[in-house]
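Participant: Here it is, the structure in full.
The values are calculated or read from the model by the stated rules, or taken from the named source; none is laboratory data. For clarity, every value in this text was computed on a predicted model and none was experimentally measured. Note: ideal-geometry Cβ built from the backbone for every residue, glycine included; neighbour counts use all protein chains shown. Just the protein is used for accessible areas: all its heavy atoms, side chains included, with ligands, DNA and RNA removed. Shrake-Rupley method; radii C 1.70, N 1.55, O 1.52, S 1.80 Å.
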Amino acid sequence: MGPPVSPVGYDALVARLRRAGCVWAEDEARLLLTAGGGPETLAERVDRRVAGEPLEYLLGWAEFCGERIDVESGVFVPRARTALLVSAAVRVTGPAATVVELCCGSGAISRVLARRLTAPRLLAAVDVDPAAVACARRNLAAVGVPVFAGDLFDPLPAAWRGRLDLVVANAPYVPTAAMVLLPPEARRYESAAALDGGPDGLAVLRRLAAAAPDWLAPGGHLVVEVGRAQVEQFHAVLTEAGLVPSVVRDDVFDATAMMGRCPDDVAGRRYEN
Ligand code: GLN
């Protein structure tokens, strides 16, 4: 047995977190002090936080759009800016919609959509990373959304082709050369695959846009997040894919969401109802 660990006081903890560069030191101190576990657990969490580990991994959860989302080491931590993607998706989606989330990570977006959409008819989430799939299954069990493992649309039943009203994805979009500019918390602790979007950041989004028209119902939408500098280029990608592009922007959160609407009359396709 080591020496007893003395309980950490609030003021001392705030001071230590602030010295370590935590901007929201008071909030973090409160969350760490009320996170449960004994003084040794607290001391260990504080040491890991001071060493740079994301607070959300230490707590085991992140707040997203008012929901508490389970996260675990390596799985992408839902960002406040992604609330814009959620609200954009809700705005373009009618009742009883058929909805799929790709690149779902923790499943945060589906969890919020399941509560905000009016009577969604079918929801499913997909991720290629087994750790994300396990995490999303935990977050989505309560709202009854199944989670599939695989690349983009690959694991979905073929019968869903041409029937999706909404496809949402916070796919990786950071250009590979910009990965070194990410905050150390993201760079060192999150899965690079959840962030790195290839040479221009659009490698996954381009594949997604190309495949989407095959899966969307007429009038259905693809809704994704991109970086501010990628709008023009992804606009062209959506147009090229046969989707009608639009963009929404939130300067406070530095968030950009882009929509691609599937035309009502997609030539050469037949639909049964
Ligand atoms: N760094 C970006 C963010 O924090 C990257 C997100 C992404 O690649 N999907 O929002």
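Participant: Hey, could you check region 205-233 for residues that are touching a helix residue (DSSP H, G or I) at 6+ places or on another chain (Cβ under 6 Å) and away from the ligand (no atom under 11 Å from the Cβ) and say which is most open to solvent (accessible area, probe 1.4 Å)?
Facilitator: R206
Participant: If a residue must be within 16 Å of the ligand (Cβ to nearest atom), over 15 Å from N139 (Cα atoms), not charged (D, E, K, R) and not in a strand (DSSP E or B), how many such residues does region 58-85 contain?
Facilitator: 5
Participant: If you don't mind, another one. On the given criteria, is L202 among the hydrophobic types (A, V, I, L, M, F, W, C) and either more than 21 Å from V71 (Cβ to Cβ) or open to solvent by 50 Å² or more (accessible area, probe 1.4 Å) (or both)?
Facilitator: yes
Participant: Taking the condition of being over 30 Å from R121 (Cβ atoms), within 11 Å of the ligand (Cβ to nearest atom) and assigned to a helix (DSSP H, G or I), how many residues in region 158-204 meet it?
Facilitator: Number of matching residues: 8.
Participant: Considering each residue of region 234-273, count those that are on the phi > 0 side of the Ramachandran plot, at pLDDT 95 or above and surrounded by fewer than 15 Cβ atoms within 10 Å (Cβ to Cβ), and give that number.
Facilitator: Residues meeting the conditions: 1.
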